Structure formats: structure tokens, C-alpha cells
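In what follows, a single structure is set out as C-alpha cells and then discussed.
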Amino acid sequence: MTGTVADFVLRRLQQWGVHRVYGYPGDGINGLMGAFDRQDAIDFIQVRHEELASFMACAHAKFTGEVGVCLATSGPGAIHLLNGLYDAKLDHQPVVAIVGQQARMALGGEYQQEVDLVSLFKDVAHEFVQMASTPEQVRHLVDRAMRIAREQRAVTCVILPNDLQELEAVEAPPREHGSVHSGIGSVGRNLLPDVESVQQAAAILNSGKRVAILAGAGALHAGEELVAVAEALGAGIAKALLGKAAVPDDLPFVTGAIGMIGTKPSADMMNGCDTLLMVGSNFPYAEFLPPEGQARGVQIDIDARRSSLRYPMECNLTGDARETLRALLPLLDRKSDRGWRREIEQGVQRWREVLARRAQDPGVPMNPQRAFSALSPRLPDDCILTCDSGSTTSWYAQHLQMRKGMMASLSGGLATMGCAMPYAIAAKFAHPARPVIALVGDGAMQMNGINALITVAKEWRNWGDPRFTVLVLNNRDLNFVTWEQRGQAGIPKYPTSQELPDFAYADFARMLGLHGMRVERADEMDAAWDQALAADRPCVLEVVADANVPPLPPQVTRKQMQSYFEAIEKGDKDADAMRKAIALQASEQ
């Protein structure tokens, strides 16, 4: 059962538990393509572009906890992987990239499609990137790539020259000087900090009178423990975007998102707390955390390198979020004074009322918030949400109420456009029985979502359950950047760079044999969602939205407001609509 090096690579990946690889063929990986055809243990998912493959591998890791694997040919194919791999790197997801290379004897000869791939991948896969030069290397290169990706939650890369792929495999290297004999084995790590540190953290939290909790992606599996800690301490829980599914939003003390597109109760809680517990979060914006010196801090993170990076913590606990919170819980005193908790809950209730009013505000032709407020109560209990980067992110963060059992993700650290559609496809492959909903702006849809929709049309009959819904906000504008330019720099909208060509997204879906609907009136939104979520095939719900509804931060500063009016005074083409929208939303704070 020796076969070729390519055959052995796939067998080894299967032994590591890999059952799906996302990629695109090319002559740099012909040997691997032939090997896929000779086995049936690992599925090869053909994408429309290698960037989509790396996004899918990242999403596979996010939605399964497994290592995601993507495959590309040499030269241009390998280069195309980079954006999705950086997405995985910055969100600390385990992904292995396998890429082809030109024949070994051609290397260094400026051969066609010859790129120095080790140098190319050295940053994104800095934990491990190696090129195989002999069959004897391949076992330990695959083993190390998988192990390091899993243990370090990092991107790794193995480069396989195309002629090497066709050589006879060496499953067990010779027992001689210079050989390496690796194995698969399980990866274990210390999940708990030391007892003294846990006791110190408990003492800090017990002494606090106004405790705030910030949960991130590292706390997604620790929802019950987060709630128990919050109950004991009378604390509220704010969530970074990657931690949106960590705890349900229907709990009265969950303040929701934090940051530039966060909620007012989250901002108020951070500004008013005297103690901060940060769990599994690398939230970057210091201006939305307590002022330095105001609060004592405790941080829990699996990676000590991120300790005290965003706020000067008094106690740093290195360990798994769930296990560390479980160790902490018996040491916490239940606070009898619940005044701080009542203040948080009252703020949450007021904010929900504000959001409900904002979603009913008029728009031309429709307020985009209406699409999200109508979706929220209709979300299926076990749904998986993916969201792109842009104004859709703002409405996703504020209007969608997560419930227990749901999953959700987006591009957090990189905040790249073009992630929602490939994320959704990978989620559906990983969990074919669960409904998947992708939330995409028209900019991201034109960037790569239209191509990804072709993959949906190709694959959906293999999923069993056809529930796959794509919301496209069609406002013909790169909207979030437009508002950033206005609010951060006082720059009026530059139509040449910001306005997008119109595209018939729903018609395109129908052309592919999918379901497609176009909505232009707010009074049609509820029925449209009911129909889209019950469709017998994947559905594109195109919502024609008003680009002049601002995704304002929870508290607009004097400087930001000044910048908006500077943009108006400089001749912004939408000046009148801007004045009305800003005044309306400001009056509802």
C-alpha cells in the first residue's frame, strides 16, 4: 500500500482526522489530484478561487474545532491563498495549507510559475513552513504541520514540488543517522493556571463592586460558566464580535457588542466598572475599555503572549476559558448588593427599545436595519450565521439576538471583505443538517460572493437539508468606508471610489437554479424572511437598502460629529440625507 508520495500525503491527513480539503486544481498539484481520485476517505471541494478555499479552511476550523486544510497549485494559486490564511492567522485558527511547486531541478532557474514559496508564506505560516525535497521527509512534514497548527492554533504550510508528488512514497524513513521518525499521537496542554493565581484572581473579583466581563472567541465553549460567574459577581457581559455566540442575548445582563459598532450599555458598563474580567478576547480598541487606572483587571487566555496586551491586568490566568472559570467559581462570593446589576439591566432594556425604534425609521427605499430586526426573532434555533465586513457587520452586531445553540462568526482580526460566503459554504459542509445564513454587503458580494454562489449551486443537493440563505444588502455603496471617511476624517463621499454598479443578485440566483427574491419595501420584509427561510433550495434575499443610514458608534463624540458636518460643508452629495439621518439617530440615543 505504498503508492506515490501524493497517495501517502492523503492517507496521513486522513489518519490525522482530515475528511475534507478545499482547493482548486493546477499542474503544480497534478499528483495530488490523481491521488484524490484513487481514494474516497477525504472529500475534495472544488472552489471558484483559491482565496475562497483558504477562507473555507478557516471557517471549517471555527465551526468544528478541527484543523482546516486547503490546497493550491504553485505560483499564482499559492499566492491566491494568502488573504484567507491571514484571516486564519489573525483569528488564531488551525489551518494547514498544502501547495505545489515546480519540479525540483527547475528551482532557481526563473522557471514559469516559480515563486519562492517558503519566503512567501514565512509570515502567515511563521510557526511552520517547509518544502519537501525527498519522499523520506514527507511524513514528518505533514505530522508537524498538523500538530503545530492544532497545538498553536496557527497557520502552517507544506510545499510539495510536482515531481516529488509522483515518486514512490516512503512510509517509514530508514533507521539511520539524519532520519526523523514522527508519529501522530494526541496533543495535550495545560488547561489550568496555577492555584495561587486563581486565588489571586478570585480575591480581585470579590473585592470589586462594579464588575464587567468581556467575552471573546476563546470563551465560545464556556457560555454556562460565564453566566455563572456573572450571576455570582452581579456583573454584566459584553461581547467582542468573535464572541457573539458565547452567551445568549436574551439574558437581561448581556450588553451585547462592544466597540465602534457596539452598544451603549456595553460602553456605559466599561466606563462605569471598577473591575474588568476579560475572557478569551484580544479586543483591540483601548478607547472602549475602562480608562487605565480606573479598574482592576483579570484576564483569562489560553496564550500567555496575549496577557495584558489590551489593558494592564493585575492578574493574568493562562489556561482554557471553561476550565479556568470552573476553577474560579467556587472561590467567588455572591454579591448581595445587586445595584450595579440593576443599572446594567436597565441600560440593556433602554437600548433594546432604541434599536427597535431605529429599525422602524424610514429609508429610501428601505432602512437596512429593518432587514436585521425582522430576521432576529425568526432565526432558527440551531442556525449558523456568517457575516461579512462592512455596514452589515454593524447591523449584525446590534440587531441580531443570539440564542443558545446558535453559532456565528466573521473575520475578526483581519476584518477582510469577502469572508461571509465561503464561511457559510464551509459551515454547511461541516453541519449539513443546520440552517446557514450569510449576511453580505453588495461590495463583498461583487468581490467574490457571486463566484461563491456558483459553488452553492453546484453542491447544495449534496447537503440533504437545503436551508442556506444569503442576505445581500444592495445599497450600491461601499457604505462602511463611506461613513468612516465622513466620521473620522471629515471627507465628503467620493462617488468614483464609493459607489458600486447595480447588479441583479436575486435574478442571478434564479439563473443558477436557486431561489431569489428582491425586496424594496419595509412592509414586505417579514413575509420575505418567512419565505426565504422556508425555501426548498438555497435562497438569495436581495434587500435594496438606504446608504444614508449611518452605522453610528454607541456614543458619538464631539470630534466625530464635527467630522460629519465638515463632510457636509465640503459638499457631500448626500448632505441633506446625512443631516436628517444623523439628527434622527442622535435623538434616539
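When the GluC sites (Glu not before Pro) in region 437-521 are filtered for DSSP coil states and for at most 10 other beta-carbon atoms within 10 Å of their beta-carbon, no site remains. Angle of helix 195-207 to the longest C-alpha principal axis of the chain, folded into 0 to 90 degrees and rounded to 10: 20°.
Counting pairwise Cα distances across region 494-589, what percent come out greater than 20 angstrom? Across region 494-589, Cα pairs with separations above 20 Å total 56 percent.
Within the same chain, lysines fewer than 8 places from K404 are excluded, and of the rest, those with a Cα less than 28 Å from its Cα are K62, K89, K239, K244, K264, K335, K428.
Along its first, second and third principal axes, ordered by size, region 1-124 spans 42, 38, 23 Å in Cα coordinates.
Hydrodynamic radius of region 96-252 by the Kirkwood approach over all distinct alpha-carbon pairs: 19.9 Å.
In this rough spin-label picture, where each label sits 7 Å from Cα along the Cβ direction, the R476-S186 distance is 5.9 nm. By the compact-protein rule of thumb, 2.2 N^0.38 Å, the alpha-carbon radius of gyration of region 359-465 corresponds to a ratio of 1.08. Nonpolar atom fraction for region 212-363, defined as the carbon and sulfur part of the 1.4 Å probe accessible area, stands at 50 percent.
Distance between the 7 Å Cα→Cβ label points at D274 and Y111: 7.0 nm. Computing the accessible area with a 1.4 Å probe over protein heavy atoms, can you report the carbon and sulfur percentage for region 1-64? Reported share for carbon and sulfur atoms: 43 percent. Orientation-averaged projection of region 280-333 equals 4.0 nm² [convex hull of Cα atoms, one quarter of hull surface area].
Placing unit charges on each Cβ (+1 for Lys and Arg, -1 for Asp and Glu) gives the chain a dipole about its Cα centre, and among V540, L552, V180 the Cα reaching farthest toward its positive end belongs to L552.
Using only side-chain charges placed at the Cβ, +1 for Lys and Arg and -1 for Asp and Glu, the dipole size of the chain relative to its Cα centre rounds to 1180 debye. Excluding ligands, DNA and RNA, the accessible surface per residue across the chain is 39 Å² with a 1.4 Å probe. Computed from the C-alpha gyration tensor, the three semi-axes of the ellipsoid equivalent to the chain are 41, 32, 21 Å, from longest to shortest. Within the same chain, lysines fewer than 8 places from K493 are excluded, and of the rest, those with a Cα less than 17 Å from its Cα are K570, K573, K580.
Only protein heavy atoms count here; on that basis, with a 1.4 Å probe, R210 has an accessible area of about 90 Å². Between the Cα long axis of helix 450-459 and the first principal axis of the chain there is an angle of about 60°, rounded to the nearest 10. Contact order for the chain, expressed relative to its length and based on alpha carbon pairs under 8 Å spaced 6+ residues apart, stands at 12 percent.
The simple Förster model, with R0 at 22 Å and r as the Cβ-Cβ distance, assigns D502 and A457 a FRET efficiency of 0.50.
Mind checking region 285-359 for GluC sites (Glu not before Pro) that DSSP puts in a loop (not H, G, I, E or B) and that have at most 11 other Cβ atoms within 10 Å?
E292
When peptides 402-414, 26-38 are sorted by average Cβ neighbour count within 10 Å, with the highest value leading, the order is 402-414, 26-38. For region 457-516, pairs of C-alpha atoms spaced more than 15 angstrom apart make up 63 percent of the total. Along its first, second and third principal axes, ordered by size, region 350-410 spans 33, 25, 18 Å in Cα coordinates.
Restricting the calculation to alpha carbons of region 194-310 gives Rg and Dmax of 12.8, 38 angstrom.
If R0 equals 35 Å, the separation of the Cβ atoms of E168 and D536 corresponds to a calculated FRET efficiency of about 0.10.
The values are calculated or read from the model by the stated rules, or taken from the named source; none is laboratory data. What you see is a predicted model; the values in this text were computed from it and never measured. Methodologically, a virtual Cβ is constructed for each residue, glycine included, from the backbone with ideal geometry; neighbour enumeration extends over all protein chains shown. For the accessible areas, the whole protein counts, side chains as well, though only heavy atoms, and no ligand, DNA or RNA atoms are used. Shrake-Rupley method; radii C 1.70, N 1.55, O 1.52, S 1.80 Å.
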